[in-house]
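Everything on this sheet refers to the single structure shown next.
The values are calculated or read from the model by the stated rules, or taken from the named source; none is laboratory data. Just so we're clear, the structure is a prediction, and the values are computed from it rather than from any experiment. Here the Cβ positions follow ideal geometry from the backbone for every residue, glycine too, while neighbour counts run over all protein chains shown.
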Amino acid sequence: MKKLFAEMFNRKASDPKNKPDQIMEAISLKPGQNIADIGSGGGYFSLRFAKIVGEKGKVYAVDTNSNLLNYVMNSAKSMGLDNIIPTIASNDSLGIPEKCLDFIFMRNVTHHLKNRTKYFKDLQKYLKPEGKIIVIEYDRGKYLSFLRIFGHYVFKEIIQQEMKESGYIFKKEFDFLPDQHFTIFSKQ
Ligand SMILES: C[S@@+](CC[C@H](N)C(=O)[O-])C[C@H]1O[C@@H](n2cnc3c(N)ncnc32)[C@H](O)[C@@H]1O
């Protein structure tokens, strides 16, 4: 069952309609950098990040679901990638060393987070001073759509306001995604 979820997340993430290549280009991750993929799901992006950061960089795949993390680690093993660190998210810690991340990537996960402003504030400690947070989240969707009925969305304006309240600076937003908004924030 979990494999089905993992495959479904990866199918959606890799669908050309959702512009994964353009997302990667916009982030412009470099070899040797460290990134956390919070709500890593089936790991589509974690695996792509791992290929780029290489042996000197690290990818922290963070999820609340250990079966999904196992799926990601099995995929990494079969691809010969050993720079992904699976991390179970608990309430008060992500199990990531402080001040180590160049990027935190959150795609389609912020609608799951309770008390987002506190959550975003708490993420500050994991970032390097020049670190950035990337938030990709669903827009509300059409009337009677799954996204709207089940509340699987957060308005862009709300994310931007909460990030501001959490002490981040708006850097850039992109408008090439059909169903999501995409914003990059920096710590300073
Ligand atoms: C809709 S999926 C998105 C998966 C992936 N980011 C993608 O874009 O394909 C949301 C993921 O967030 C995870 N999740 C939910 N609440 C979370 C939390 N508090 N911390 C970390 N991950 C969480 C879920 O288990 C699931 O894997």
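Residues in the range 97-128 that are β-branched (Val, Ile, Thr) and either buried (at least 20 other Cβ atoms within 10 Å of the Cβ) or near the ligand (Cβ under 9 Å from one of its atoms) (or both): Ile104, Val109, Thr110. Among the candidates Gly54, Gly43, the residue that is touching a Leu at 6+ places or on another chain (Cβ under 8 Å) and either more than 13 Å from the ligand (Cβ to nearest atom) or within 26 Å of Ser93 (Cβ to Cβ) (or both) is uniquely Gly43. Annotation: Glu162 fulfils all but one of (1) under 17 Å from Gly42 (Cα atoms); (2) of a type in the set (Asp, Glu); (3) buried (at least 21 other Cβ atoms within 10 Å of the Cβ); the unmet one is (1). The number of residues in the range 71-100 being more than 18 Å from Asn34 (Cα to Cα) and touching a residue at least 40 places away in the same chain (Cβ under 8 Å) comes to 1. Within the range 142-188, the set of residues being under 22 Å from Ala26 (Cβ atoms), in a loop (DSSP other than H, G, I, E, B) and either among the hydroxyl-bearing types (Ser, Thr, Tyr) or modelled with pLDDT under 95 (or both) comprises Tyr153, Val154, Phe155, Ser166, Tyr168, Pro178, Asp179, Lys187, Gln188.
The set of residues from the range 12-40 being within 10 Å of the ligand (Cβ to nearest atom), of a type in the set (D, E, K, R) and either loosely packed, with under 12 Cβ neighbours inside 10 Å or outside any helix (DSSP H, G or I) (or both) comprises just one member, Asp37.
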